[in-house]
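Here is the structure we will look at.
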Amino acid sequence: MTGVRVLRAAGRPAVPWKNGGGVTREIAALPEDAGTDGFDWRVSLADVHQDGPFSAFPGTERVLTVVDGAGMDLDAGGRRLRAAPYSPCPFPGDVPTYGRLLAGPVVNLNVMHRRGAVAADVTVVRGGYAVAVPADATVLVVALDGPARAAGAELGRYDAVLCPAGRAEVSTEGYAAVVTLRRTG
């Protein structure tokens with residue numbers, strides 16, 4: 001990627017989940033417009049209003065980060081996990097997973113990537129942060145709870161920026177997610 005690409009939250013369409021249990025808004029994916037089955041990686045925001053099963057995504061790994069609300073308890077293939085606010089929670093995307101809301105609706109940042117083809121790292125930052133952007137990686141910064149500045153772009157809540165190779169500065173009074181995606185196979 002050669003330049004900064006800003007992805008505004010306004011206008012992202014709400015798309016029903018694969019299992020029909022809620023809606024998601026895609027921030028970015030590779031390939032672009034891959035839908036819910038053909039992606040190498042996909043980053044989205046999901047509105048969760050009730051307890052229920054997660055959609056299965058065969059051959060994927062997931063990192064879920066609660067960005068609004070109290071959190072969720074997950075049962076991911078018999079493994080109990082707590083998805084707390086601003087704490088990335090990784091689990092396989094192809095095991096039966098059930099989520100129970102702790103205290104009302106949540107919004108989750110979902111990072112999904114093909115196992116064996118792409119590795120993902122999600123870091124939640126506050127204040128100032130410098131990120132090295134390798135030429136062989138994609139780095140996406142998402143403003144989570146208010147204004148942020150990343151790679152020279154001004155971001156509102158849930159806006160995102162794809163950062164070019166080099167060094168990207170991130171500053172926020174709230175929280176921002178730095179998602180690094182790298183091909184492994």
Just how large is the dipole of segment 1-109 about the Cα centre, in debye to the nearest 20, putting +1 at every Lys and Arg Cβ and -1 at every Asp and Glu Cβ? 220
Full extension from D51 to R12: what is 0.36 nm times the residue separation minus their Cα-Cα distance, to one decimal in nm? 11.6 nm
Environment charge of P16, counting only residues whose C-beta is closer than 13 Å and scoring Lys/Arg +1, Asp/Glu -1: 0
Summing Lys, Arg as +1 and Asp, Glu as -1, what charge do residues with Cβ under 10 Å from the Cβ of A150 carry, A150 excluded? -2
Determine the dipole magnitude for the chain: charges of +1 sit on the beta-carbon of Lys and Arg, -1 on that of Asp and Glu, nothing else is charged, the reference point is the Cα centre, and the result goes in debye to the nearest 20. 200
Using only the alpha carbons of the chain, what is the convex hull's orientation-averaged projected area in square nanometres? 9.5
FRET efficiency estimate (nearest 0.05) - Cβ-Cβ, L81 to A117, R0 22 angstrom: 0.40
Taking the Cα centroid of segment 1-38 and of segment 101-164, what is the distance between the two, rounded to the nearest whole Å? 14
Segment R157-D73, length gained on full extension (0.36 nm per residue, minus Cα span): 27.7 nm
When N is the residue count of segment 12-114, what does its C-alpha Rg come to as a fraction of 2.2 N^0.38 Å? 0.97
Most to least packed among 127-136, 18-27, 36-45, 141-150 [average Cβ atoms within 10 Å]: 141-150, 36-45, 18-27, 127-136
Other residues with Cβ under 13 Å from the Cβ of A120 give, with Lys and Arg +1 and Asp and Glu -1, a net charge of +3
Starting with the fewest neighbours, write out E32, E169, E61 ranked by other beta-carbon atoms found within 10 Å of each beta-carbon. E32, E169, E61
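Just so you know, all these numbers are worked out from the coordinates, no wet-lab data involved. Computed from a prediction, not measured in an experiment: that's the story for all the values here. Neighbour counts are summed over all protein chains in view; Cβ atoms, including those assigned to glycine, are modelled from backbone coordinates with ideal geometry.
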